[in-house]
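The values are calculated or read from the model by the stated rules, or taken from the named source; none is laboratory data. Since the structure is predicted, the reported quantities are computational estimates derived from the model, not experimental observations. Every residue, glycine among them, receives a Cβ derived from its backbone with ideal geometry; neighbour counts consider all protein chains shown. We work out accessible area using only protein heavy atoms, side chains counted, and drop any ligands, DNA or RNA first. Shrake-Rupley method; radii C 1.70, N 1.55, O 1.52, S 1.80 Å.
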Amino acid sequence: MASGGIERETRLDIIRGFAMLVIAINHVSVAFRIYGLEYIDIPTPTHLGYSSSAATFVAMSGYMVGFVYSRRRDGARAVLQRARKLYVYNLLLFLATLPLLALMSPHEASSWHAETLQERPWLGLLQFLTLLRAPALLDVLQLYVILMILTPAALWLHRRSATSLVALSVGVWALCQLAAALRLFDPKIFEWNFNPAAWQIVFFLPMVFGSARGHEITFRYFHRNWIAVAALFTAVIAFALLKVLHVEQAIPDYALLTSKGNMGALRLMHAALIMFFYGGLLALVPALSKIAPLRALACIGRHTLPCYVVSAWLTYALAAVWSRYSGAYTTYLLAAAFSAFMTFVVASLADARRKRRTASAMMS
């Protein structure tokens, strides 16, 4: 059961779990690049399109907020409690990461977006505590906290007019794109790796969709329409070819369209395509949800918060050890495999703990 007594949908957990696993692997690749990794990264869906699994991660979280909390009378209070939990988890991750940051050279700290913590520790701490800035990988949870704090207002507007919430979300995102195109803000001042004003569209539109239980309609449709799933697959392949061939570079100012920090239009379109493709594939072949690897992904999807925290800390630790004692490509592959394995271990432990608590509650 999901929060609030709502029956869990395994296929949604699988999509969340797959996004989490890809993020864990991608983080290792990006971190090891800082320290001179050569040769190719482990191929993931991120390399075959314009969106990253972070977009899937955020969108699925927004969807679950709409699915679980939108009809609850205490939805706003529950969401704020969730925001507090996210904040505490990110603070614990921050404290666990500080010893590793302290050992870094100024160049390393800059690469991890932690130079302020080294140069002006109290300012860096204040920026982190007030959600203004965070070291790399911790900024994702910071984005989540900001979005969850905004969610009660979004729920209030949604109850009065879902259309108004969609229009507001799209309008704010469009203004971010216009501001970037007109160079209205200085990137040296606005240092968000994830601009909340732009990324909110990836959270609040899925939230509206989740409140309408959109996955039920979507899964039914794709289960009966293999041609639609085939069309999605064709589109995914087309985007992959465009990315591999760097076709987007022929467009003037193409970086605006593919921007991660500002959620460019091309990135947004690809993120939506990828999520519907995952859902379409799982709906077309229901038996996939029952095989062991995908059940493992579903387990991860049920516990993405502890999985993310542990994998982020591991990325820092593995990169530091790899750069100082190995530097070999084989060790990089082993490190990525270890991070993926530990993600599953953390999810399994969390799942076992949840089952024990549920059993204890039923007996009491």
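I'm told ARG356 meets every condition in (1) assigned to a helix (DSSP H, G or I); (2) within 25 Å of ALA55 (Cα to Cα); (3) not aliphatic (A, V, I, L, M) except one. Can you identify the failing condition by its number?
(2)
Among all residue pairs at least 6 apart or on different chains, which show Cβ distances below 7 Å where the first residue, located in region 346-358, is hydrophobic (A, V, I, L, M, F, W, C) and the second is assigned to a helix (DSSP H, G or I)?
From residues that are hydrophobic (A, V, I, L, M, F, W, C), the pairs are VAL346/PRO306; VAL346/CYS307; VAL346/VAL310; ALA347/CYS299; ALA347/ILE300; ALA347/CYS307; ALA350/PRO306.
Please list, ordered by first then second residue, the pairs with beta carbon atoms under 6 Å, 6 or more apart or interchain, first in region 253-269 and farther than 18 Å from LEU205 by Cβ, second among the aliphatic types (A, V, I, L, M) and buried (at least 20 other Cβ atoms within 10 Å of the Cβ).
Note: pairs meeting the criteria are LEU256/ALA180; LEU257/LEU266; THR258/LEU266.
Among the residues that make up region 52-67, is at least one of them at pLDDT below 90, of a type outside the set (A, V, I, L, M) and either open to solvent by less than 10 Å² (accessible area, probe 1.4 Å) or assigned to a helix (DSSP H, G or I) (or both)?
yes
Might you let me know whether region 76-91 holds any residue that is open to solvent by 60 Å² or more (accessible area, probe 1.4 Å), more than 24 Å from GLY261 (Cα to Cα), assigned to a helix (DSSP H, G or I) and of a type in the set (Phe, Trp, Tyr)?
no
How do the pairs read when you match residues in region 292-310 that are without any contact (Cβ under 8 Å) to a residue 40 or more places away in the chain with residues anywhere that are part of a helix (DSSP H, G or I), using Cβ under 7 Å and keeping only pairs 6 or more apart or on different chains?
What qualifies is VAL310/MET342; VAL310/VAL346.
I need the full set of residues from region 262-281 which are closer than 17 Å to ILE227 by Cβ and aliphatic (A, V, I, L, M), in order please.
Once the filter is applied, which keeps residues that are closer than 17 Å to ILE227 by Cβ and aliphatic (A, V, I, L, M), region 262-281 yields LEU273, LEU281.
When residues of region 311-339 are filtered for being more than 17 Å from MET20 (Cβ to Cβ), without any contact (Cβ under 8 Å) to a residue 24 or more places away in the chain and part of a helix (DSSP H, G or I), how many remain?
6
Any residue in region 289-303 that is among the charged types (D, E, K, R), open to solvent by less than 30 Å² (accessible area, probe 1.4 Å) and assigned to a helix (DSSP H, G or I)?
There is no residue in region 289-303 that is among the charged types (D, E, K, R), open to solvent by less than 30 Å² (accessible area, probe 1.4 Å) and assigned to a helix (DSSP H, G or I).
Across region 278-287, what is the number of residues that are touching a residue at least 12 places away in the same chain (Cβ under 8 Å), open to solvent by 40 Å² or more (accessible area, probe 1.4 Å) and more than 22 Å from the chain's Cα centre (by Cα)?
2
Quick one: THR44 ticks every box in (1) among the β-branched types (Val, Ile, Thr); (2) without any contact (Cβ under 8 Å) to a residue 24 or more places away in the chain; (3) more than 23 Å from THR331 (Cβ to Cβ) except a single one, so which number is it?
(3)
When the residues of region 102-116 are filtered to those that are in a helix (DSSP H, G or I) and in contact (Cβ under 8 Å) with a residue 24 or more places away in the chain, which remaining residue is nearest to LEU138 (Cα to Cα)?
So, considering only residues that are in a helix (DSSP H, G or I) and in contact (Cβ under 8 Å) with a residue 24 or more places away in the chain, the one nearest to LEU138 (Cα to Cα) is SER111.
Restricting to region 117-138, count the residues that are part of a helix (DSSP H, G or I) and crowded, with 16+ Cβ neighbours inside 10 Å.
Residues in region 117-138 being part of a helix (DSSP H, G or I) and crowded, with 16+ Cβ neighbours inside 10 Å: 6 in total.
Which residue is farthest from SER339 (Cα to Cα), if the candidates are limited to region 30-45 and must be assigned to a loop (DSSP other than H, G, I, E, B) and open to solvent by less than 90 Å² (accessible area, probe 1.4 Å)?
This residue is GLY36.
I need a count of the residues in region 324-364 that are more than 26 Å from the chain's Cα centre (by Cα), open to solvent by 50 Å² or more (accessible area, probe 1.4 Å) and farther than 25 Å from TYR35 by Cβ.
The qualifying residues number 8.
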